[in-house]
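Written below as structure tokens is the structure these notes are about.
The values are calculated or read from the model by the stated rules, or taken from the named source; none is laboratory data. In this text, all values refer to a predicted model and were calculated from it rather than measured experimentally. Ideal geometry is used to build each Cβ from the backbone, glycine not excepted, and the neighbour counts take in all protein chains shown.
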Amino acid sequence: MRKILIFTASTGGGHNQAAASLEELLKSNGYSVVKLDALKETNKLLDSFISDGYRILVKKFPKTYRELYKLSDRRKVNFKITRIITKFLRNKIYQIIQKHNPEVIIATHPFLVNVIGELKEEGKICIPFISVVTDYKIHQTYVHSSVDAYITGSYYTKLSMMERGIPKEKIYHYGIPIRKEFFVSSIDKKKNKKDDFTILLMCGSIGLKAMEKVLKRLVKSKNRIKIIAVCGNDVDLRIRIEQKYMDKYEDKEIIVYGFTNKIPELMDISDIIISKPGGLTVSESIAKNIPMVIPYVIPGQEEENADFLVHTGAGIRVKKIKEITDVIDNLIENPSLLREMKKNIKKLSKTYSMESIVEIVNKLIEENKYNTKNYKKERVIS
């Protein structure tokens, strides 16, 4: 059985979700898959420093995170940063690759790109390498000439990569890997036109306080609406919303979820999503053909994701939360606006194909059969 090695890392949930979706996809196509968190497997101290540091920065010091994100996107600065990370990870990553001897390596986190790229460049390994870009604009950390294929979320992303010198032949905008449930509808009939306008309100693990502020504004809408609020693992938030908002308004139906695996089904019955624009959430909304309204972002990559949605007409960015009531009322009272956004989203989803990712894997394996003589399995890194 052909073996695939997938590397991820726990800086935000999107990288792990993409890795899990790839694992499911490849296993269903007959592959043996090993999925590992690269930082946890190789350097727990570095993992704690990076993962915890990321969470603290985006929650407590978002402006600082934005500046660090932009600074690290500069080629010279990025080179120095990736050199340090590579130094910490390189030997153990090489040992893991030697142990599992995969036919293809896939990374859903950019920290692995330079590590594996360097091993390929030096002839330590001769294994096809796929990098999955989990946001909608490329960051310098993803750029390496030894990557054999990039999986991206859109043609917009592809253009930003080509601007950085990545050959277009290596870039496949088949969509960021997401669960198969997002590609099928859970309802047989179209939503009854008499149903209330339905809003799916989410926020991910970051921005829970902002979510409550949004809800406070939504209940002031002059229209009948249904609000499905997903609070994740924040039990206190869920209880607070239930006590404060449920059954308090005659023309507002409010349904509250904690952590749930029913997001695909909830998207099917919703007219719009209000959420922060994480790369995976954006991909899921595109696959489900549901426009997004964006009242909060993690500075850096999510600002770029929001720009992508606005630029393509698939989303609306709300600069101030107090404006969201007017935005929603405008969409309800002018349904042609929502129809136009859905039309724009359909254009984006035309190239989405998880099976095409499998075809890339197959293609790289076949091509590599004629290039394995340079692979020195027993060579030790000096």
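Some notes on this structure:
- Condition check for residue 80: among the charged types (D, E, K, R) and either surrounded by fewer than 17 Cβ atoms within 10 Å (Cβ to Cβ) or at positive phi (or both): yes
- Remark: residue 83 falls outside the filter, which requires a residue to be under 26 Å from residue 164 (Cα atoms), assigned to a helix (DSSP H, G or I), among the charged types (D, E, K, R) and touching a residue at least 40 places away in the same chain (Cβ under 8 Å).
- Odd one out for residue 49, checked against (1) free of Cβ contacts under 8 Å to residues at least 24 places away in the same chain; (2) over 29 Å from residue 296 (Cβ atoms): (2)
- Test set (1) surrounded by fewer than 20 Cβ atoms within 10 Å (Cβ to Cβ); (2) more than 26 Å from the chain's Cα centre (by Cα); (3) part of a loop (DSSP other than H, G, I, E, B) - residue 221 fails condition number: (1)
- The single residue among 338, 331 that is out of contact with any Pro (no Cβ under 6 Å at 6 or more places or on another chain), surrounded by fewer than 18 Cβ atoms within 10 Å (Cβ to Cβ), in contact (Cβ under 8 Å) with a residue 24 or more places away in the chain and not acidic (Asp, Glu) turns out to be 338.
- The lone exception for residue 39 - which of (1) within 19 Å of residue 82 (Cβ to Cβ); (2) over 20 Å from the mean Cα position of the chain (by Cα); (3) in contact (Cβ under 8 Å) with a residue 40 or more places away in the chain it fails: (2)
- Filtered residue count, segment 160-180, keeping only those that are among the small types (Gly, Ala, Ser) and outside any loop (DSSP other than H, G, I, E, B): 1
- Which listed residue, of 213, 244, 226, 209, is surrounded by fewer than 17 Cβ atoms within 10 Å (Cβ to Cβ), among the charged types (D, E, K, R) and touching a residue at least 12 places away in the same chain (Cβ under 8 Å): 213
- Members of segment 238-263 found to be touching a helix residue (DSSP H, G or I) at 6+ places or on another chain (Cβ under 6 Å) and either modelled with pLDDT of 95 or more or closer than 23 Å to residue 330 by Cα (or both), listed by number: 254
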